[in-house]
Amino acid sequence: MVGFPPGGQTDFAARILQPGLSAALGQTVVIENRGGAGGNLGTDAVLRARPDGTTLLAGNANPLTINPHTFAGMTIDPLKLTPVGMMLQSALVLGLHPSVPARTPQEFAAWVRAQPKGADYGSGSAGSLTHVAMELLRNRLGNPPLEHVPYRGSGPALQDFIAGRFSAMFDGASVMAPFIRAGQIRGLMGTGAARIPAFPDMPTSAEMGLADFTFTAWIGLFGPPGLAPDIVERLNQGLNTALRDATVRERITSQGDEPGGGTAQELGAQMTRDHARWGEVVKANNIRSDG
């Protein structure tokens, strides 16, 4: 189950791993795209599924760790899902329009304060990871007068960003890469623990002096609540086998993403940490989702 339409990063993760997962498990893996409510419909379907290992979710950090805090009256609890393993992850990149002279986040904050009316930043949607990440950065920089401009997807936002209609934006490295290479956006820093292989000269947030500002956009494989440990182990082994394929790894890294892997427990810990982190940011900044 993919809680988004075909073509996005979550759908890519499911489809790139589908053949290897089928081979490793010895059974056909079918992808169903069930978009809607910011990914909540797909999550709900898996939360309601029988815990027999035949219904799984390719879920990303947004619906699983942010939506519970931003959707008013949300009745489902993604933390009840059973983690299986990480599929892939991607550092976010803080991009600036080339007209902005800043070379560090601190210089960017000073530049914003020097503007008569402050500055604007964009995101793919209200309540998205790219939105809450910028609000966290704004808080860390002393709350310069940055106003949020939400869009219906990264595509429209990037078009206006390149046109100079706002000054800054976070998005995944794989999304930003072609525009950075073309000189249409200047990549200031990445949020991963290490530098992005595609941009070895771009510092990390830690190298820019931002403590506890290391995080990724991730996509994990999950089962329904109550999935038996032996089923989890079999699925996790199948996922890790699929991720060891050199062609799969090359396709993931060519997108600017990083292959996942590891244990179910590691994915569960990541999910719990991000749920707490983004919940604090949402509450502090009164963020609401536009669905």
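The values are calculated or read from the model by the stated rules, or taken from the named source; none is laboratory data. Remember, predicted model here, so these are calculated numbers, not experimental data. So basically every Cβ, Gly included, is an ideal-geometry build from the backbone, and we count neighbours across all protein chains shown. The area values use the complete protein model at the heavy-atom level, side chains included, leaving out ligands, DNA and RNA. Shrake-Rupley method; radii C 1.70, N 1.55, O 1.52, S 1.80 Å.
Table: residues versus (1) in a helix (DSSP H, G or I); (2) surrounded by fewer than 23 Cβ atoms within 10 Å (Cβ to Cβ); (3) under 18 Å from the mean Cα position of the chain (by Cα).
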| position | (1), (2), (3) |
| --- | --- |
| Met189 | no, no, yes |
| Ile219 | no, no, yes |
| Gln237 | yes, yes, no |
| Glu250 | yes, yes, no |
| Pro259 | no, yes, yes |
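What are the residues in region 40-53 that are touching a residue at least 60 places away in the same chain (Cβ under 8 Å) and in contact with a strand residue (DSSP E or B) (Cβ under 7 Å, 6 or more places away or on another chain), if any?
Of region 40-53, the ones touching a residue at least 60 places away in the same chain (Cβ under 8 Å) are 46-53.
Correct list: Val46, Pro51, Gly53.
How many residues are among the hydrophobic types (A, V, I, L, M, F, W, C) and either open to solvent by 50 Å² or more (accessible area, probe 1.4 Å) or touching a Cys at 6+ places or on another chain (Cβ under 9 Å) (or both) if we restrict to region 1-52? Walk me through how you get there before you give the answer.
Narrowing region 1-52 to residues among the hydrophobic types (A, V, I, L, M, F, W, C): 1-2, 4, 12-14, 16-17, 21, 23-25, 29-31, 37, 41, 45-47, 49.
When the remaining residues are screened for being either open to solvent by 50 Å² or more (accessible area, probe 1.4 Å) or touching a Cys at 6+ places or on another chain (Cβ under 9 Å) (or both), the result is 4, 23, 30, 41.
Final tally of qualifying residues: 4.
For region 90-129, a residue qualifies if it is of a type in the set (S, T, N, Q), surrounded by fewer than 24 Cβ atoms within 10 Å (Cβ to Cβ) and modelled with pLDDT under 95, and exactly one does: Ser125. Of all the residues in region 26-67, those that are under 29 Å from Asp230 (Cα atoms) and in a helix (DSSP H, G or I) number 14. Within the bounds of region 79-96, is there any residue that is more than 30 Å from Gln115 (Cα to Cα) and in a helix (DSSP H, G or I)? Yes: one or more hits.
Condition first: farther than 30 Å from Arg50 by Cα and in contact with a helix residue (DSSP H, G or I) (Cβ under 6 Å, 6 or more places away or on another chain). Can you find one or more residues in region 211-231 that meet it? So that I can check it myself, show each step before the final result.
In the first step, residues of region 211-231 are kept if they are farther than 30 Å from Arg50 by Cα; the result is 211-216.
With the extra rule that they be in contact with a helix residue (DSSP H, G or I) (Cβ under 6 Å, 6 or more places away or on another chain), the set shrinks to none.
Looking for residues that are farther than 30 Å from Arg50 by Cα and in contact with a helix residue (DSSP H, G or I) (Cβ under 6 Å, 6 or more places away or on another chain), one finds none in region 211-231, hence no.
Within region 54-78, residues that are without any contact (Cβ under 8 Å) to a residue 40 or more places away in the chain reach partners that are among the acidic types (Asp, Glu) with beta carbons closer than 6 Å, at six or more positions or on different chains, in the pairs Ile76/Asp44. Of all residue pairs spaced 6 or more apart or on separate chains, those with beta-carbon atoms under 6 Å, a first member in region 150-166 that is under 18 Å from Leu94 (Cβ atoms) and touching a residue at least 40 places away in the same chain (Cβ under 8 Å) and a second member that is open to solvent by less than 60 Å² (accessible area, probe 1.4 Å) and in a loop (DSSP other than H, G, I, E, B) are Pro150/Ser125; Pro150/Ala126; Gly164/His97.
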